[in-house]
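**Student:** Let me give you the structure first, and then I'll get to my questions.
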Amino acid sequence: MGIFYDKTIGTFFLESKDVTYAFRVTRFGFLEHLYFGKRVAREDLSHVEALIGRGQENVLPDSEKRIHSLNQYLNECPTYGRSDNRESMLAVCDDRYSRISELKYVSHKILPAKPAIDGMPSSRGGKTLAVTLKDALNGSVVTLFYTAYDDVPVITRRMEIENKGKKPLVITRAYSACLDLCDDDWQALSLYGAWARERFIDRTPLHHGIWEIDSKRCSSSGQLNPFAALVRPHTTEENGEAIGVNLVYSGDFTVKAQVDQDETTRLLVGINDYDFEWTLGKNEKFSTPEAVFVYSADGLGGMSRAFHDFYRNYLINDRFVYAARPIVINNWEATYFNFDNEKLCAFIDSAKGTGINTFVLDDGWFGKRNNDKAGLGDWFINTDKLEGGLTTVINHAHESGLKFGLWFEPEMINVDSDLYREHPDWIVALPDLKPCAGRDQQILDLTRKEVREYVIKVVSDILKNNAIDYVKWDMNRTMTENFSQALGEKNKAMHHRYILGLYEICEALVNGFPHIFFEGCASGGCRFDPAMLYYFPQIWTSDDTDAYMRTLIQYGTSLCYPLSAMSCHVAACPNHQTGRNTPFASRADIAHLGATGYELDLTKFTEEELEEVKAQVNKYNEMSDLVLKGDLYRLASPFEGNYFAEQLVSKDGKFSRITVMRNLNLPNGIAFRVYPKGLDEKADYYVSSLGRALKGATIAGAGLVVNFDRGDFVTTTIDLTRK
């Protein structure tokens, strides 16, 4: 496994676990994609090329036959204007206003370690192929980076553009990767939604033309996630081909699949080129974010497990990725803005002895923040609410055996704030046009150095001067107006510059306080992407804490993101988002399928109810290693029926837990069975629901009947323990 170049056939072979990615240098000098799929031998793959004479095709110069049109090749880095009429990966305009590009192979290197991307997060990695292409017309030099991995079926890709000419170049499109496939027998799978119902599953056949998902919100968004997969029509959870792609980026993105006249499919992913333009001066560079490609011959489940392993092993902060997660009690739904020292200390006291180990003080502790209309940006402690500052509450938490966490929304500002009154030009807005508002707030212009420095300083001061163990980082609106008063002619790339500013702040704060555990949040799950996972080991999955809705949200999220990345809390009923009542035990069982916590008022609990919380935490601790490190098998989809079922299996196969929810209790209903996966077929497993042992093969083949108590939205769990 690794990266190999066969100079006799001019072909590159990238080998990750069980897969091959191959492309070659053609005699015309461009890169031709050959294959991405199950592992194959390092042989001459030129026979897969399918060139035939077609009417109206324009062929390359020096072509002896009328077949050498870039329209018919599978291309690694397609550009505009030289006979490829499909969507391009790169568009560069020179001083003649020409957007014609012809990138030809110059050289390549196999690097011993994967280079970081300047200014952007990316995965860790080993051997990396860097292929250099040059455009003799406009002087641009493009380097394509490919990284392969021994233990996961993953190939990562990105692009770097450098201006080696004498005059400026204007980039109007710079995608991270293109993957051309030789047929059109694919369906597109994506994750769509809205606030409080993020990452629902959409699956649709491709058609001639372009299928596309994107964001123009300056965030990776809860409306469409920067993940997509191409799957065969017959692909299921455990069978069939799936090619998944995820962009390590938190801003405007696009994923496109184009089916052309030859019934081939082109998959493109990168920064959205809508309202994007970047000028490169002489010797300046532009880097695209990283794209992560997974190939699975084992269905959607195989694809998901590959993404999960990859993010845990190569992306998420290795200080925390496998560390026991804080079991949080958050005061937000219990108190909202109405609290003081006495109320918070009583809240902390109520959690003692339950196994909850972290108290998080949410919104309302700073400035004149008594509602969501004022105070954002004024990151000084509200001593009218918290007499003596945070010290009383922090000390009480620590003396009670709990860690202390604090909520921030560093990117935002209220007009009713001291900061706005002092710096009204610091918001994202066009002068003389009254800006739109979201949640009665505006966005700080992170493209400005002085704004970034302010955010870093005021947040750092709070973290330095208080014994804080945990930070919840929120972001509660997406961008409008799209204008920085400081950028001038550079405003066309304003969204990307904002995201680069955000990453600079994250680097300073997350790495500046390595002992603090950071959790991401964006109106719940509206910025759930790999780049945020690079900084935040877990992300608040959704503001919707209803147990039934969470089965849908968490199921969809798991297509790409590991359960350890999902922050999942037990909340009060009737639920604050849906008004639905679900059993307390069900809320806990679903919340246990992630980094668990509580979002309710324990001061109102009876002793019996507090004992139930303690039992729930103990039950979670039994499976917490499965959440952090285990393999996920989705056994029943809540999108397709009356049941939700997920199974977690330890990497060594010794322990597994199955969680099942029945949504509605139907009179005279059918018996529901699950068919567990990932077990050692020859081993004996003690089945908790049966009180006896069975062979792994018997359990997988014959299945297990799931028994439920009466009622709607009832859960049950089954433990399988290898003897």
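The values are calculated or read from the model by the stated rules, or taken from the named source; none is laboratory data. Note that this is a predicted model, so its numbers are computed, not measured. Using ideal geometry, Cβ is built from the backbone for each residue, glycine included, and neighbour counts are taken over all protein chains shown.
**Student:** Restricting region 324-342 to residues that are among the aliphatic types (A, V, I, L, M) and assigned to a loop (DSSP other than H, G, I, E, B), which is farthest from residue 596 (Cα to Cα)?
**Tutor:** Result: 324.
**Student:** Checking the conditions here, which among 295, 249, 322, 274 is of a type outside the set (A, V, I, L, M, F, W, C) and outside the structural domain of residue 189 (by TED's automatic domain parsing)?
**Tutor:** Matching residue, one of 295, 249, 322, 274: 322.
**Student:** Residue 240 versus (1) at negative phi; (2) more than 15 Å from the chain's Cα centre (by Cα); (3) at pLDDT 95 or above: which is the lone unmet condition?
**Tutor:** (1)
**Student:** Considering each residue of region 382-409, count those that are of a type in the set (S, T, N, Q) and in a loop (DSSP other than H, G, I, E, B), and give that number.
**Tutor:** Number satisfying all stated conditions: 3.
**Student:** Scan 4, 36 and give me the residue that is surrounded by 18 or more Cβ atoms within 10 Å (Cβ to Cβ) and outside any loop (DSSP other than H, G, I, E, B).
**Tutor:** Working: 4 fails: surrounded by 18 or more Cβ atoms within 10 Å (Cβ to Cβ).
Residue meeting the stated conditions: 36.
**Student:** Residues being within 22 Å of residue 89 (Cα to Cα) and among the acidic types (Asp, Glu): count how many of those fall in region 46-76.
**Tutor:** Going through region 46-76 one residue at a time, the tally reaches 3.
**Student:** Applying the selection to region 707-723, what residues are surrounded by 15 or more Cβ atoms within 10 Å (Cβ to Cβ) and more than 21 Å from residue 684 (Cβ to Cβ)?
**Tutor:** Across region 707-723, the qualifying residues are 708, 712, 713, 714, 715, 716.
**Student:** Could you please let me know if residue 673 is modelled with pLDDT of 95 or more, over 24 Å from residue 305 (Cα atoms) and of a type in the set (Lys, Arg)?
**Tutor:** Numbers: modelled with pLDDT of 95 or more: yes; over 24 Å from residue 305 (Cα atoms): no; of a type in the set (Lys, Arg): yes.
No.
**Student:** Here is a further query. Can you find, within region 674-702, the residue that is farthest from residue 634 (Cα to Cα) among those that are of a type in the set (A, V, I, L, M, F, W, C) and in a strand (DSSP E or B)?
**Tutor:** Within region 674-702, the match that is farthest from residue 634 (Cα to Cα) is 693.
Quick grid of which residues meet (1) surrounded by 15 or more Cβ atoms within 10 Å (Cβ to Cβ); (2) outside any loop (DSSP other than H, G, I, E, B); (3) touching a helix residue (DSSP H, G or I) at 6+ places or on another chain (Cβ under 9 Å); (4) outside the structural domain of residue 165 (by TED's automatic domain parsing):
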residue	(1), (2), (3), (4)
47	no, yes, no, no
53	no, no, no, no
56	no, no, no, no
60	yes, no, no, no
64	no, no, no, no
70	yes, no, no, no
73	yes, no, no, no
84	yes, no, no, no
96	no, no, no, no
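**Student:** Quick check, is residue 481 surrounded by fewer than 17 Cβ atoms within 10 Å (Cβ to Cβ) and under 30 Å from residue 559 (Cβ atoms)?
**Tutor:** For residue 481, the condition - surrounded by fewer than 17 Cβ atoms within 10 Å (Cβ to Cβ) and under 30 Å from residue 559 (Cβ atoms) - is not met.
**Student:** Report whether or not residue 656 is farther than 23 Å from residue 544 by Cα, modelled with pLDDT of 95 or more and either part of a strand (DSSP E or B) or within 27 Å of the chain's Cα centre (by Cα) (or both).
**Tutor:** Answer is yes for this residue.
**Student:** Kindly provide the set of residues from region 456-475 that are among the hydrophobic types (A, V, I, L, M, F, W, C) and either under 11 Å from residue 513 (Cβ atoms) or surrounded by fewer than 23 Cβ atoms within 10 Å (Cβ to Cβ) (or both), ordered by number.
**Tutor:** 456, 458, 459, 462, 463, 467, 468, 471, 475
**Student:** Just to be sure I understand the filter: pairs with C-beta atoms under 7 Å, separated by 6 or more residues or on different chains, first member in region 108-131 and within 15 Å of residue 144 (Cα to Cα), second member buried (at least 18 other Cβ atoms within 10 Å of the Cβ) and at pLDDT below 95. Which pairs pass?
**Tutor:** 110/127; 111/127; 114/125
**Student:** I'd like the full set of residues that are acidic (Asp, Glu) and touching a residue at least 40 places away in the same chain (Cβ under 8 Å), limited to region 339-364.
**Tutor:** Selection gives 340, 349, 362, 363.
**Student:** Just checking, does region 138-146 include any residue being β-branched (Val, Ile, Thr) and assigned to a loop (DSSP other than H, G, I, E, B)?
**Tutor:** Quick first cut of region 138-146, residues β-branched (Val, Ile, Thr) only: 141-143.
The next check asks that each one be assigned to a loop (DSSP other than H, G, I, E, B); those that pass are none.
No; the residues of region 138-146 include none that is β-branched (Val, Ile, Thr) and assigned to a loop (DSSP other than H, G, I, E, B).
**Student:** Which ones in region 670-723 are of a type in the set (Phe, Trp, Tyr) and within 22 Å of residue 630 (Cβ to Cβ)?
**Tutor:** Applying the first criterion (of a type in the set (Phe, Trp, Tyr)) to region 670-723 yields 672, 675, 685-686, 708, 713.
675, 685, 686 - these are the residues of region 670-723 that are of a type in the set (Phe, Trp, Tyr) and within 22 Å of residue 630 (Cβ to Cβ).
**Student:** Looking at 375, 367, 302, which is the one that is without any contact (Cβ under 8 Å) to a residue 60 or more places away in the chain and surrounded by fewer than 24 Cβ atoms within 10 Å (Cβ to Cβ)?
**Tutor:** Result: 367 is the single residue among 375, 367, 302 that is without any contact (Cβ under 8 Å) to a residue 60 or more places away in the chain and surrounded by fewer than 24 Cβ atoms within 10 Å (Cβ to Cβ).
**Student:** Which condition from (1) in the same structural domain as residue 329 (by TED's automatic domain parsing); (2) in contact (Cβ under 8 Å) with a residue 60 or more places away in the chain is the one that residue 463 breaks?
**Tutor:** (2)
**Student:** Within region 487-498, how many residues turn out to be in contact with a helix residue (DSSP H, G or I) (Cβ under 8 Å, 6 or more places away or on another chain) and either at positive phi or modelled with pLDDT of 95 or more (or both)? Give the derivation first.
**Tutor:** If we filter region 487-498 for residues that are in contact with a helix residue (DSSP H, G or I) (Cβ under 8 Å, 6 or more places away or on another chain), which is where we start, we get 487, 490, 497.
Next cut, either at positive phi or modelled with pLDDT of 95 or more (or both) only: 487, 497.
Total meeting the criteria: 2.
**Student:** Something else: Run down 415, 393 and say which single residue is in contact with a helix residue (DSSP H, G or I) (Cβ under 6 Å, 6 or more places away or on another chain) and either aliphatic (A, V, I, L, M) or under 30 Å from residue 325 (Cβ atoms) (or both).
**Tutor:** 393
**Student:** Shifting gears a bit: Collect the residues in region 621-638 that are in a loop (DSSP other than H, G, I, E, B) and touching a strand residue (DSSP E or B) at 6+ places or on another chain (Cβ under 6 Å), keeping them in residue-number order.
**Tutor:** Correct list: 630, 638.
**Student:** Considering only region 198-216, how many residues are more than 16 Å from the chain's Cα centre (by Cα) and either closer than 30 Å to residue 51 by Cβ or surrounded by 17 or more Cβ atoms within 10 Å (Cβ to Cβ) (or both)?
**Tutor:** 9
**Student:** Being assigned to a strand (DSSP E or B), assigned by TED's automatic domain parsing to the domain that holds residue 20 and of a type in the set (Lys, Arg) is the requirement here; does residue 167 meet it? It would help to see each step written out before you state the result.
**Tutor:** Working: assigned to a strand (DSSP E or B): no; assigned by TED's automatic domain parsing to the domain that holds residue 20: yes; of a type in the set (Lys, Arg): yes.
Criteria not met by residue 167.
**Student:** Filter region 408-439 down to the residues that are modelled with pLDDT of 95 or more, of a type in the set (D, E, K, R) and closer than 23 Å to residue 527 by Cα and list them by number.
**Tutor:** Matches in region 408-439: 409, 411.
**Student:** Within the bounds of region 410-427, is there any residue that is part of a loop (DSSP other than H, G, I, E, B), more than 30 Å from residue 344 (Cα to Cα) and in contact (Cβ under 8 Å) with a residue 40 or more places away in the chain?
**Tutor:** In the first step, residues of region 410-427 are kept if they are part of a loop (DSSP other than H, G, I, E, B); the result is 410-411, 414-415, 417, 423.
Add one more test, that the residue is more than 30 Å from residue 344 (Cα to Cα), and what stays is 423.
From the residues that got through so far, the ones that are in contact (Cβ under 8 Å) with a residue 40 or more places away in the chain too are none.
No, that holds for no residue.
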